[in-house]
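Coordinate-derived values only; no laboratory data. Predicted model, so just to flag it, every value in this text is computed and none were measured. When we count neighbours, we look across all protein chains shown, and the Cβ atoms used for this are built from the backbone with ideal geometry, even at glycine.
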Amino acid sequence: MFFGTVFSLTAVAQQTVKLNIPVTAPWTDIGIDILPGQRLQISTHDPSQRVQFGLGGTFDIRTCNADGIGDEGVGTGLDGTQPIGPEGTLPGTILASLIGKIGGTTAIGTGTPVPEGKPGKGAGFVGTSYNQVVPVGGRLFLGFNDAANTFFDNAGSFSETITVQSGLPDIKVIDATTSDFTSISLKYSVADSDSPAFIFRAYISSDEMFDPSDLPTRSTRCPRYC
Ligand SMILES: [Ca+2]
């Protein structure tokens, strides 16, 4: 009886890029094409990082972070709950926040906003931290939710890490047994899932034997399996 070493198939494809997203343009092409069902994760390196999104007020410049929090010195400021009006890059989504869309071009009004990152923030809201499965495929764009005609008085960028993962589960072999070296049983579990473990049993012809150190290669050459 052979008890194999636990190993992971880890079939999760992952792509990560680090980029600065300028707030001087409505949209920036990230250079990543997303497939429907993939998980999109975006995080701001420093959530307290500010950009300039306007002039005026007590401090002459108006600043905010990626959640749209800031603008001290102008009225009551921004607390990350104020939606932008129809003049915005994404109307109805939080004013002066980091936003995202799939497909289209860098032009306003194209593409599909990514699913709302936090309840009540509006479609396309990314903010300082985002983690959602996207239902549509296409080129990823990140942008800034300012009024379309007031990007001229902006300055700065948000430093972001962007990760795209396939929707495939992380499958691990939790047990491997063989009684006569002509068949092998592999017991799998799916990480982060309530699914029960399942068993894969493979056979080889009688003139071959499984080499336990060569299981992944041999198991793919099996003439039949169940
Ligand atoms: Ca502005």
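Label-point separation (nm) for ASN20 and ASP79, each offset 7 Å from Cα along Cα-to-Cβ?
3.3 nm
At ILE108 and ILE61, where each label point lies 7 Å from the Cα along Cα→Cβ, what is the point-to-point distance in nanometres?
2.3 nm
Report the full-extension gain for the segment GLN52 to ASP29: residue separation times 0.36 nm, less the Cα-Cα distance, to one decimal in nm. Present the calculation step by step, with values, prior to reporting the outcome.
Numbers: separation 23, 0.36 × 23 = 8.28 nm, distance 2.08 nm.
Length gained, GLN52 through ASP29: 6.2 nm.
Give me the one-decimal nm value for the distance between modelled label points at GLN132 and SER166, 7 Å along each residue's Cα-to-Cβ direction.
The two pseudo-label positions are separated by 2.4 nm.
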